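First comes the structure, then the notes that go with it.
Bear in mind that the values in this text are calculations on the coordinates, not laboratory data. What you see is a predicted model, and the numbers here were worked out from it, not measured in a lab. Neighbour counts are summed over all protein chains in view; Cβ atoms, including those assigned to glycine, are modelled from backbone coordinates with ideal geometry.
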Amino acid sequence: METKNAKKRSTFNLLCVIKKSKLLKNGEAPIFVRITVNKQTTDLSIQGSILPELWSQAKERSKGKSHAALELNHYIESVKSRLFQIHRELEIDGKTITAQIEKNPLSWTFSPPEEENDSLIA
């Protein structure tokens, strides 16, 4: 039995999607993370794009094993991980959590993955 002072737990979900309706000039679709908090949603652009035929919506990631596909998938996972971390920090601090709050702290945190033709120097 819940008491009146019991803290209500919020729901939180992340979903990676592409927006085929907003294709770029090069034919690629921008990638977004859809943040849902208590049935309130907002889309956050992760500043990445992909050809629609190379995207697996079921897996929420790029198809294939090329260097570019693997790097994009790693980048998507790092964005999602950071968003989960932000959500956890807000919960621990006891702050009211909304989809908009989740979106704001990330605006300066990530940069898109490097182009495939860039080399990595070890």
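Gain in length, residue 66 to residue 47, computed as 0.36 nm per residue apart minus the alpha-carbon separation, to one decimal in nm? Kindly include the intermediate steps, with their values, before the conclusion.
Values: separation 19, 0.36 × 19 = 6.84 nm, distance 1.96 nm.
Taking 0.36 nm per residue and subtracting the Cα distance, the gain is 4.9 nm.
When the P(r) is computed for region 12-106, the part past 21 Å accounts for 34% of the Cα-Cα pairs.
Please tell me which of these pairs span more than 26 angstrom C-alpha to C-alpha: 25/63; 39/63; 19/59; 19/95? Correct reply: 39/63; 19/95.
Annotation for residue 78 and residue 93: the two label points, set 7 Å from Cα along the Cα-Cβ direction, are 2.3 nm apart. Considering region 9-68, its Cα convex hull presents a mean projected area of 5.0 nm².
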